[in-house]
Every structure is written in C-alpha cells, then in structure tokens.
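Beneath this line is the structure, given in structure tokens, with notes to follow.
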Amino acid sequence: MTTVAPPSAPDMPDAERGAAGPGRPTVPWTVAVPLAVVAGVALDAAFPSVGAWGLAFPAVAAALLLARGRSLGRSYGTGVLFGLGFMAPQLQWSGVYVGALPWLALATLEALLVALALPGWTLAWRLAARAPWTLPVTAGAVWVAAEALRARVPFGGFGWGRLGFSQADSPLRWLASVGGVPLVSFGVVALTATVVLAAVVLLGARRDRAAATATAAVTAPPSRRRGAVLRALAAPVALVLLLGLVVGYAAVRVDRTIDPSRDGTARVAAVQGDVPRAGLDFNAQRRAVLDNHVRGTLELADRIEAGEEEPVDLVLWPENASDIDPLLNADAADLIGSATDAVGAPVLLGAVLQGPGENITNAMLLWDPGTGYRGRTDSPATNGYYAKQALAPFGEFIPYRSFFRFFSPLVDRVTDFAPGDRAAVLAMGPATVGPAICFEVLDDETVRAQVLAGADLLVVPTNNATFGFTDENVQQLAMSRLRAVEHGRDLVHISNVGTSTVVRADGTTGRRTALFEPDVLVEEVRLRSGSTLATLWGPAPELALVAVALLLVLGHGVVTARAQGPRR
C-alpha cells in the first residue's frame, strides 16, 4: 500500500499555519497597478463632496491586499500609486487659482507620505503568518503612524485627508470622543483588516481542503484545520466586538458626561458676508468685504428691532471679515462698532493685523456694544484677542521662498504671518468661546488646548474664497464635525463665503448656507463644560498606536532574525 507523505513545514497549508504567509503577491502586477489607482480614487470618494464614507473600507481592503506578499520596495511603489489616486483628486482645490504645478507637487508630496503605510502593511502580513491576531492591530497602528508623520512633516505637516475625517456620517465617528481622529482612522483600518484576514484564512482553508481531496494527500485531520481557522479568527472578531462596545459607550458617555442642562444655552448669530469675487483677489476690495459683514449684522439688528427675530447673545464673523486692520484704521473700527451697537451683542470677527514687524497676524478680535474692542488680557473674562497659532504652509508662510519661487511666482504674493503663542478663550455673553481659525481645525492639540482653557463653545472661522466652488469647504466642514464629537462641544463653522453651519456635539449639522451667497445663521447652541476621554487623554492614544506599530513590526524583525540564525 502506498502512502503520500505529508507536506513539509514550509509547505504547510495556510489555514494550518494560522494565516497566509508572505508567499506570492496576492495581486499580480498587471492588476495591482490599476487597482492601486482605483482604490485611491475610491478613498477620495469617501470624503465630501461625494461623502460615500463606506467606500473607505473597500479602498483600504484593496490597498491591504496589494501590500501582501510583496517586497518592501515594491509595496512602497504600489503605495505611491494608491496615494496619487487618493491625493490628486482630494487636493484638487489647491490648484484652482494657482495652476496645476503647485497642486500636483503638493499631491505628490502627500502621496509619498501616504505610501509609507504599505511597506508597513507588508510587514504586518509577514507577522500575521506567525500570529494572525496581530494583523488588524498592526495594520491599523501602521496607518495611524503614517498619518501622524504626515500631520507633522514637512513644514509643520499637512494632515488634510486623514482617514478619520471621512467618517463624519459613520457610527465610527464616536471613536473620536475616546481617542480623537487617530482612533477613528485606526477603527476603519482595523475593521477592514479583520474582514480581509477572515476572507484570506477561510479561502485558504477551502483551497487546502480541495487540494487534499484531489491528491488524496495525508494532511492534518479536519478538526485540527477547523481549530486553526477558529484560532486565526478569534482575536479579530474580539477586536470588532470591542470596537463596537467602545462606539456604544462613547455615544452614551457624551450625552451623560457632557451635560448641557448644567451649562445652559446661547443664541448665536453667524454672519456670512460673502466677497466681491472668488479667487486670490477676493480681498482686493477689502472695504467691500467688511461692508458685507457690517450690512448682514445691521439687517439682523433691524429684524430683531422689528420683532421678526429674537435677540441674540453673540455674533460671529468669519476669518478675514476685516482685512483692514481695525486697530490702526479708525474708519474700520467705527463700522464694526456701529454694527455691534446696533445688534446689542458682542461681535467676534476675523481680522488681519499689521505686525509684528514686517509680518502680519491672523487674529480674532472681540467688540462689545458701547465700549468697542475689548483688548488683550490674560483673563478670559476680559480678553478680546486670539491670534492663529497653527499657520498653513504656503498659504500663510512660505518656507524656502527662493526655492519654491522656481515652481510658482505666486509665492511672492504671500506675506508671512506671525503665529500666535497661546490658547485664548473669550467670554461672550453666557458663552466662553474657543476659536480655531481655518487651518487650525486640522491640528489636534490646538483645538484641544482651547477646550482645556475653558471653552464651552467651539468656533471655526474660515475663509474659503480662494478655493472657488470646489470640495475644500465641505471637506473642512467634515473636520469640524469630528472635532465637535471629539470634545463633546457644539461648534459654529462660519465661512466668509460658505459652507457655514452649526454643528452639534454629536456631529450632526443644522441649516447649511450656500456658496458665495450672503446669509445669516441664527440658532440656539448648547454650552457644555465636561470633558470627553479624548480631551483628557490628548495625544496619548495616537502615541500608543505608533508605539504598537513600531513594537510589532520591529518585534517581527527580531524574531525572524533569530529564526534564521547568524549569517555565515
């Protein structure tokens, strides 16, 4: 009687080793190249204006499979294609008025940083061959590490397009209240990796059974194979359940801990004044922009006086509402004062101030009825000044100006701004307002610092005039929605041209304004003083996930090196 010897250890079926080993690439090059680009484009569609947040999962799944079984170099090359497919449409707005070269240069730089995740995923697959449970954790942690790097370098970082910002309408948004945007990004990748791992293990087990039947090979008994599959899937399934529990807990905790009944409400008016024209010359008629916001406020005052509108507690104008420095120009100060006196409520406005030195400052100034500009103090009760701390590279300062002038002479149209040096909240009627000006909504620590300073209402004043009718404004609004959930605060997102709206602490929005149409939003907001776990923990969850990525990947390298023994 003839028997067939069992396969040797290196050739053991995937299911019996717990997961698919490195082996051959899952996706051949002829398919990988177009698939990488398509997956990137699909990921972009998960963000507004398409806003199909569910597309983030198949997009990440495709990228994960593209990383399986490849060398680190080829994984990175595939990642660059994936990153370009994602970042080129995601950042299309950046080239509307400055041309294709700056847009494509920025998209390429960001794609090179996005691509760093894929070699990490290749290592995650190799580690999963030894310990399948690690794949969702390692893959998610690697992605968070890549996003953390991109949010910080170069030139202070540019975290636009972080995966978590695509989930403003997803149940996963509640993870933001526990671990901020990084935990939302981790949740998307970890859940996706769980499904991908399950598919790989189950398909591998089915293939092995078919091969064993066809060759009559002597293999491990069925019970052993089933046990290997169950062990491979147990930890990922537990991770899914854990994330589900965290989401449910976070959703309940925000309502119970961030108690609006204790802190009251405020009636807020947000004035979207519009600009004479879109583009880089939006402020060429600076007086017209200021006049628009004064006019909108005076019309609101008329409606209040006529009894058509209830009185408001505070009025918010957007970034760049006054590009004439009202602290140096008496005419501008008089206009702002007249509008403030007429509406009978404090007005917080975005202004461009001259100085210090040859620089300029992007600031929020607080005007009170009857007394005018409140001034700058260290006390929130009397303070009327906040300067933007996190500046936008190439928009508010030009790094290496002489070098980048080669790509576009438009860099010389940018006067460098001076950054603010501290968080500052402002008392406006019953509310303590924490501004995060435009680009600052991207920065985790800037928004958190305002909440820690005592803000019970967040405000994101922004200027979207330079980006025309692109997706930039709604992409930025999605960021504000995640910030509201992250810190359990109502948030007023006010743009000079739209889209403006009030965001509730659960991430939902009220009426949204149209682009390039003057409008005034009047809504009641809840004032909240509690702290979410994300506010308390700050960067700790992100740092922990980066540490996990490094430890698991480096740990795999050490184990592999020991298994191979010393080189001769």
Condition set in a helix (DSSP H, G or I) and either outside the structural domain of residue 392 (by TED's automatic domain parsing) or of a type in the set (Gly, Ala, Ser) (or both), scope region 454-484, selection surrounded by the most Cβ atoms within 10 Å (Cβ to Cβ): answer is 484
In region 429-443, what residues are touching a helix residue (DSSP H, G or I) at 6+ places or on another chain (Cβ under 6 Å) and farther than 19 Å from residue 347 by Cβ? 440, 441
Consider residue 166 carefully, then state whether it is among the small types (Gly, Ala, Ser), in contact (Cβ under 8 Å) with a residue 12 or more places away in the chain, under 16 Å from residue 60 (Cβ atoms) and in the same structural domain as residue 42 (by TED's automatic domain parsing). yes
Just give me the residues in region 500-520 being in contact with a Ser or Thr (Cβ under 6 Å, 6 or more places away or on another chain) and assigned to a strand (DSSP E or B), in sequence order. 501, 503, 509, 519
All positions within region 297-328 that are over 21 Å from residue 500 (Cβ atoms), in contact with a strand residue (DSSP E or B) (Cβ under 9 Å, 6 or more places away or on another chain) and modelled with pLDDT of 95 or more: 325, 326, 327, 328
When you check residue 518 against the structure, is it more than 30 Å from residue 320 (Cα to Cα) and at pLDDT 95 or above, yes or no? no
Search result, residues across region 67-90 that are buried (at least 23 other Cβ atoms within 10 Å of the Cβ) and more than 16 Å from residue 110 (Cβ to Cβ): 67, 68, 70, 75, 78
Would you mention how many residues in region 371-398 are under 30 Å from the mean Cα position of the chain (by Cα) and over 25 Å from residue 460 (Cβ atoms)? 0
Please determine, by comparing only the residues of region 514-530 that are closer than 23 Å to residue 429 by Cβ and either outside the structural domain of residue 274 (by TED's automatic domain parsing) or not aliphatic (A, V, I, L, M) (or both), which one is surrounded by the most Cβ atoms within 10 Å (Cβ to Cβ). 528
Within region 101-113, can one find any residue that is assigned by TED's automatic domain parsing to the domain that holds residue 552, over 23 Å from the mean Cα position of the chain (by Cα), closer than 12 Å to residue 63 by Cα and not charged (D, E, K, R)? no
Answer yes or no as to whether residue 264 is within 24 Å of residue 428 (Cα to Cα) and at pLDDT 95 or above. no
Any residue in region 175-196 that is among the small types (Gly, Ala, Ser) and surrounded by fewer than 24 Cβ atoms within 10 Å (Cβ to Cβ)? no
Tell me the residue from 474, 459, 485 that is of a type in the set (A, V, I, L, M) and more than 28 Å from residue 383 (Cβ to Cβ), please. 474
From 275, 252, 271, 247, which residue is farther than 23 Å from residue 504 by Cα, at pLDDT 65 or above and within 38 Å of the chain's Cα centre (by Cα)? 275
Residues located in region 531-557, provided they are surrounded by fewer than 18 Cβ atoms within 10 Å (Cβ to Cβ) and among the small types (Gly, Ala, Ser): 531, 538, 540, 544, 547, 555, 557
Exactly one of 34, 58 is over 30 Å from residue 466 (Cα atoms), at pLDDT 95 or above, assigned to a helix (DSSP H, G or I) and over 21 Å from the mean Cα position of the chain (by Cα), and that one is 34
I'm told residue 153 meets every condition in (1) closer than 16 Å to residue 446 by Cβ; (2) out of contact with any helix residue (DSSP H, G or I) (no Cβ under 6 Å at 6 or more places or on another chain) except one. Can you identify the failing condition by its number? (1)
Can you spot a residue in region 90-99 that is out of contact with any Gly (no Cβ under 7 Å at 6 or more places or on another chain), over 19 Å from residue 472 (Cβ atoms) and of a type in the set (Phe, Trp, Tyr)? no
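The values are calculated or read from the model by the stated rules, or taken from the named source; none is laboratory data. Everything quoted here is computed from the prediction, not taken from an experiment. Here the Cβ is made from the backbone with ideal geometry for all residues, glycine too, and neighbour counts use every protein chain on show.
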